[in-house]
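Below is one structure, written out as structure tokens; comments come after it.
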Amino acid sequence: MPVPTDQPEAMFFDLSARTKLRIGGSDRLRFLNGQITNDAARGTAGLGIAASVLNAKGKMNGQIFLAPDGDSFLIDADPELRTTLKARLERYVIADDVAVEDVSHQFSIFHVAVPEAPSVPASGRLIQVNRFRRAGWDVWVEMAKRDEIFAQLSGAHTFCDDACAEVFRVEQGVGRWGAEWTEEIIPVEANLEETSIDYEKGCYIGQEVISRMKMSGQRNKKLCGFVSLYNSPLEPGMKIFPVGEEKKEAGWITSAVHSKRLGREIALGYLKRPFYQASYRLDAINPENVGVAPARIELTELPFMAADIPGN
């Protein structure tokens, strides 16, 4: 079998449906740093950072990207957080000079997955940001200019629609809200510590839990990648068990796609400790399809690389 390339072509994505908030006011930096896992001061006008918003138990209320914009910060998050994220942030605006404004309808966002900055009109705002575990650039434009920028980017890059983007982000091992990222997940469990957590910054809501996990070096579960060994279809919601031990649940699948690049059925999901710490033969079973043979799967490193796929 030929080995597919591990360097996908230059692509761009339309992220205009994402939730977009503007955080303004003289206390904006101090306020944000009390709400997020990363240090907001690390972002610049041309560099965005990722961060998690947590509850007091260290579980996720949202995953965001942010960058300063003059006397405010621009934040974007998954569309499903349109109502809850704004309310979550405003809940902690007490005596602060802070305003949280929903600007979702004012801006479009395109993401161009290339190492060098793409060419955009002067009216567009360019922010370097790592969304998919590879170099990339966000282009923020007024919603009225969305079609114009789309046409311009299409001339130089391949458009990746929603279906394409779902496959790509799974291949890259990147979560999304409602699948890998939920209010039951601690960001360390979702492999977000390298991109989204600053262990040296000041206090924030949920920090005690994150710091305790760092000190112990333990997590109850971990986001992992899986490959279907015999190309049996995989589905979100499948339960994972060690082979021959269907009463010992090891984890579950959160997202599943067919990767043309790899020529395989692949998935993301969580494995409980100790199953992610050792080599186990695993079966994925749909609990609603009793009597259907399980799909034999193998744990693999993230992001998915052709050289790591069994049989390639």
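Scanning segment 184-200 for residues that are over 9 Å from Thr37 (Cβ atoms) and in contact with a Gly (Cβ under 9 Å, 6 or more places away or on another chain) turns up Ile185, Ile186, Val188, Ala190, Asn191. Anything in segment 258-277 that is within 19 Å of Ala190 (Cα to Cα) and either touching a strand residue (DSSP E or B) at 6+ places or on another chain (Cβ under 6 Å) or not charged (D, E, K, R) (or both)? List them, or say none. Passing the criteria: Ile266, Ala267, Leu268, Gly269, Tyr270, Leu271, Lys272, Pro274, Phe275, Tyr276, Gln277.
When Leu89 is tested against (1) open to solvent by less than 10 Å² (accessible area, probe 1.4 Å); (2) outside any helix (DSSP H, G or I); (3) not basic (Lys, Arg), just one condition goes unmet, and that condition is (2).
Residues that are within 25 Å of Arg133 (Cβ to Cβ), over 21 Å from the mean Cα position of the chain (by Cα) and hydrophobic (A, V, I, L, M, F, W, C) number at least 2 in none of the strands (runs of 3 or more DSSP E) confined to segment 18-82. Evaluation of Arg261 against the conditions (1) free of Cβ contacts under 8 Å to residues at least 24 places away in the same chain; (2) surrounded by 14 or more Cβ atoms within 10 Å (Cβ to Cβ); (3) under 22 Å from the mean Cα position of the chain (by Cα); (4) in a loop (DSSP other than H, G, I, E, B) shows that the sole unmet condition is (1). Out of (1) open to solvent by 20 Å² or more (accessible area, probe 1.4 Å); (2) closer than 30 Å to Leu302 by Cβ; (3) more than 17 Å from the chain's Cα centre (by Cα), what's the single condition that is false for Val114? Among (1) open to solvent by 20 Å² or more (accessible area, probe 1.4 Å); (2) closer than 30 Å to Leu302 by Cβ; (3) more than 17 Å from the chain's Cα centre (by Cα), the lone unmet condition for Val114 is (1).
From the list Asn220, Asn286, the lone residue that is over 21 Å from the mean Cα position of the chain (by Cα) and within 22 Å of Gly175 (Cα to Cα) is Asn286.
Each row is one residue, and each column tells you yes or no for (1) of a type in the set (Phe, Trp, Tyr); (2) surrounded by fewer than 19 Cβ atoms within 10 Å (Cβ to Cβ).
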| residue | (1), (2) |
| --- | --- |
| Gln35 | no, no |
| Ala41 | no, yes |
| Ile64 | no, no |
| Phe107 | yes, no |
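The values are calculated or read from the model by the stated rules, or taken from the named source; none is laboratory data. Everything numeric here is computed off the predicted structure, so don't read it as measured data. Ideal geometry is used to build each Cβ from the backbone, glycine not excepted, and the neighbour counts take in all protein chains shown. Please note that ligands, DNA and RNA were not included when accessible areas were found on the heavy atoms of the full protein model with its side chains. Shrake-Rupley method; radii C 1.70, N 1.55, O 1.52, S 1.80 Å.
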